[in-house]
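What follows is a single structure, written as structure tokens, with notes after it.
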Amino acid sequence: MVHWRPTTRGRIWCIALLTCVSVTASTFAQGTPARPTAPRVIRLHGLIEPVRSYTVSTPRLTGGTSTPGLPVGQLIVVHLAAAGATVKRGDLLVEFDRQAQLKNARDREAEYRDLLEQINRKRGEHRAARAMRDTQLKQAANDLRIAELGVIGNDLVPKTTAEKNVQTLEEAKARLGQLGTTFELRARAEAADVRILEIQRDRAGNAWKHARENADKMRITAPLDGLVVLKTIWKNGSMAEVQEGEEVRPGLPILDVVDPSAMRVRVGANQADIDGLVRGQTARITLDSYPSRSFPGRLEHLSPIATTSTMSARVRTFVALFSIDGADAHLLPDLAAAIEITPGAIDVAAARPTP
């Protein structure tokens, strides 16, 4: 029987092989270490909008105009601030042709002042008539007193004279009573005439006031410092901005004055991302027009109630508002913005509820 004895080189190979098998078995026994997973990032898209803004609309006039051939409420733009212009509080934004309103105001003022003169003249006539009536009443009262004195001596005068005195007394009483009743009715009629004129005066005064207000509405000034952003309206079969010289209808929004110092992003968050959104989360905001620029932001508001998406009735969206830290000339209204949020990154101070 022959026994095999390994050489030195063979022994080394055997030891190495056993070592590899042992290490491999130990690795499989302990399990392969898991690779670190990247944190989930929520990406949203929205539009830039100002925190403070004021919408300028064409005025709604009261009453109308009295100019022949000019329709009631017609508004023609004679001055319009340029798009992108920087304005201060009180600067003129838009002015409409107000010749019709000024003429209407002058006409209403003339009517008002004419009625004032009519009332003063009527009151003067009434005072003169009242003085005459007072004189007639005093004369009738004196005649009655004289007739009463004449009746006292009827026992000393002939019968015919006594009857005449009694008849005179009855006539004096009847005349005094008739004058009192007639003058009272005449005073009521005069008061009614004055009241009618006063009502007409008040109506003319209100019409004059409305005409002045209409004329004042033709000039609209900026209520705050900001940037002029013209709105697009439907005209001639397409969307376009209002131009000087054009006719516009009342109540039409034509421009916005926005405060560029504070901007935010309005987002319609999908229902699938709502679990990862918490008020106070920090975010990184970039503009589609300027992808190289990014701004820090924070989730300020998340609506508790969802709205139905326009794409599908099964999809719900939640309105989210993200504030943008700082101000930049590139942050303009209606620009598209992309938002990246890492769940868990929360600004504790911002998330704390206001007492």
GLN281 vs. criteria closer than 30 Å to PRO343 by Cα and either surrounded by 14 or more Cβ atoms within 10 Å (Cβ to Cβ) or assigned by TED's automatic domain parsing to the domain that holds ALA327 (or both): yes
Residues (of a type in the set (Ser, Thr, Tyr) and surrounded by fewer than 11 Cβ atoms within 10 Å (Cβ to Cβ)) located in segment 145-197: THR160, THR181
Residues that are part of a strand (DSSP E or B) and either without any contact (Cβ under 8 Å) to a residue 12 or more places away in the chain or over 29 Å from GLN74 (Cα atoms) (or both), drawn from segment 88-133: none
Top-ranked residue in segment 289-325 [being modelled with pLDDT of 85 or more, more than 19 Å from LEU277 (Cβ to Cβ) and not basic (Lys, Arg); ranked as surrounded by the fewest Cβ atoms within 10 Å (Cβ to Cβ)]: SER292
Residue that is nearest to LEU332 (Cα to Cα), among those in segment 184-230 that are under 38 Å from the mean Cα position of the chain (by Cα) and acidic (Asp, Glu): ASP225
Residues satisfying the stated conditions in segment 127-140, i.e. more than 14 Å from THR181 (Cα to Cα) and either among the hydrophobic types (A, V, I, L, M, F, W, C) or in contact with a strand residue (DSSP E or B) (Cβ under 9 Å, 6 or more places away or on another chain) (or both): ALA128, ALA129, ALA131, MET132
Strands (runs of 3 or more DSSP E) lying entirely in segment 238-310 (those with 1 or more residues that are under 32 Å from the mean Cα position of the chain (by Cα) and closer than 30 Å to HIS79 by Cβ): 238-241, 253-258, 263-270
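The values are calculated or read from the model by the stated rules, or taken from the named source; none is laboratory data. This structure is a prediction, so every number in the text was calculated from the model and none was measured. As a convention, Cβ positions derive from the backbone with ideal geometry for all residues, glycine included, and neighbour counts pool all protein chains shown.
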